[in-house]
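Let me begin by presenting the structure, written as structure tokens, before commenting on it.
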Amino acid sequence: MAPRKPKVIVTRRLPDSVETRMRELFDAELNVSDEPMSRKALIEAMGRCDVLASTITDRIDAGLIEKAGERLKLIANFGAGVDHIDVAAAAARGILVTNTPGVLTEDTADLTMTLMMVTLRRVIEGSNAVQSGEFAGWAPTWMLGRRITGKRLGIIGMGRIGTAVARRAKAFGLQIHYHNRKPVSSRVAEELGATYWDSLDQMLARMDIISVHSPHTPATYHLLSGRRLKLMPKHAILINTARGEIIDEVALADLLASGDLAGAGLDVFEQEPRVNPKLLKNPNAVLLPHMGSATVEARVEMGEKVIINIKVWMDGEKPPDRVLPQML
Ligand code: 8YV
């Protein structure tokens, strides 16, 4: 039986309205400083709470779960991706894991389109040119990017976010292609005019833009390996708003540096917050600090989902957003 007011330790600062509600409903301990928790601090927290409200900056591996106290029954993650949590180890210890899917879909899809357009149309370079006083007047052959309409977009991972990107991209006149574990329903395929590729290699070799939307799991780690990245045409660009680990970042940086790939728009990196120095120096790389879900609305709704998951668990029911090992 869950305690009447469970001890909930919140590992990072969350929106004010979320934190206030958490204090009303739970015995909530907030992180006022917003400093990411060290491993030591996490062990200490997991030793004395009923619920840990975690974020992506907490690496909750099997070793940490092994040290968790008897009280810990729920890890209610603020975020959809749970690759920073060993879900199988948690399940083996009887600890539930929940996440916050759905509420960040549209915002992440918007940022994906932004990256696509900013990369193809050289928006950052153009803006920097004006701000640095380099703009000497319009010229017919200066600052030329590539047209978006009519290009082929290959989406890797056609879940909620991949599909939301496809809908937007279709409106921009892109041809939709995708690689997924299985084809989408015929209704969705028809709506999007989408072409399914069971071979990722085949799709990569034929697209103008590739956008990554699969979760990071052992099966998708370096899915875009050096070998696969080399299959992409030289003029193509690569967009990633999913997880850095899905792409071999060193290989990508090398291909961009040698001009064997035209550009990349990246919101996520393999070893955040560290970014490959070769990428930092490359004008064809548009780099953002993991802000796919960074809207006021998404972050509040993510917090509300965390609260609902804890509350439902507290009431003795199954929380709606359970993540089970077999789902990964
Ligand atoms: C979140 C994300 O901001 O939800 C996810 O999986 O990648 C981000 O949009 C982050 O994970 C919060 O923990």
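The values are calculated or read from the model by the stated rules, or taken from the named source; none is laboratory data. For clarity, every value in this text was computed on a predicted model and none was experimentally measured. Cβ sites come from the backbone with ideal geometry, for glycine too, and all protein chains shown count toward neighbours. The protein model used for the area step is the full one, side chains on, heavy atoms only, and it has no ligands, DNA or RNA in it. Shrake-Rupley method; radii C 1.70, N 1.55, O 1.52, S 1.80 Å.
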What net charge do the residues around ILE85 carry, taking every other residue with its C-beta under 10 Å from that of ILE85, with Lys and Arg at +1 and Asp and Glu at -1?
-3
10 Å-binned pair-distance histogram of the stretch 1-153 (Cα, whole percent):
10, 29, 22, 14, 15, 9, 2, 0
Leaving ligands and nucleic acids out of the surface, order GLU272, GLU317 by accessible area at 1.4 Å, largest first.
GLU317, GLU272
So how do ARG13, ARG243, ARG181 rank on accessible area, 1.4 Å probe, biggest first, that is with the largest at the start?
ARG181, ARG13, ARG243
Where the only charges are on Cβ atoms (+1 Lys, Arg; -1 Asp, Glu), what is the dipole of the stretch 1-136 about its Cα centre, to the nearest 20 debye?
500 debye
With only helices counted (DSSP H, runs n ≥ 4, each -39500 (n - 2.57)), the per-residue ellipticity at 222 nm for the chain, to the nearest 500, works out to -10000 deg cm²/dmol
Would you calculate the separation in nanometres between label points at SER225 and SER186, each defined as 7 Å from the Cα along the Cα-to-beta-carbon direction?
3.6 nm
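Write down Rg/Rh for the chain, rounded to two decimals, with Rg from the C-alpha atoms and Rh from the Kirkwood relation over Cα pairs.
Values: Rg = 21.4 Å, Rh = 21.2 Å.
Expressed as Rg/Rh, it is 1.01.
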Could you check what % of the DSSP bridge pairs in the chain are antiparallel, to the nearest 5?
5 percent
With charges only on Cβ, +1 for K and R and -1 for D and E, what is the dipole size of the chain about its Cα centre, in debye, rounded to 20?
560 debye
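Can you compute the equivalent ellipsoid semi-axes for the stretch 64-146, i.e. the square root of 5 times each eigenvalue of the Cα gyration tensor, sorted largest first and rounded to whole Å?
That gives 49, 13, 10 Å for the three semi-axes.
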What's the FRET efficiency of GLN326 with LYS40 using the Cβ-Cβ distance as r and R₀ = 35 Å, to the nearest 0.05?
0.60
Rounded Å value of the spacing that divides the Cα centres of the stretch 304-328 and the stretch 102-181
35 Å
Length released on extending from VAL32 to SER17, taking residue separation times 0.36 nm less the Cα-Cα span
4.0 nm
Quickly rank 57-66, 132-141, 186-195 as a protection proxy: mean count of other C-beta atoms within 10 Å, highest first.
57-66, 186-195, 132-141
Take ALA205, project a point 7 Å from its Cα along the Cβ direction, then tell me which residues of the stretch 226-266 have their backbone nitrogen under 15 Å from it.
227-234
Based on the Kirkwood radius over alpha-carbon pairs, what is the Stokes-Einstein translational diffusion coefficient of the stretch 195-269 at 10 °C with 1.306 mPa s viscosity, in µm²/s?
130 µm²/s
Segment ARG167-THR295, length gained on full extension (0.36 nm per residue, minus Cα span)
44.1 nm
Looking at the stretch 105-287 from every direction and averaging, what is the projected area of its Cα convex hull in nm²?
10.7 nm²
Net charge near ARG274 (other residues with Cβ under 14 Å of its Cβ; Lys, Arg +1; Asp, Glu -1) is -3
Computed about the Cα centre, the charge dipole of the stretch 168-216 from +1 Lys/Arg and -1 Asp/Glu charges at the Cβ has a magnitude in debye, to the nearest 20, of 140 debye
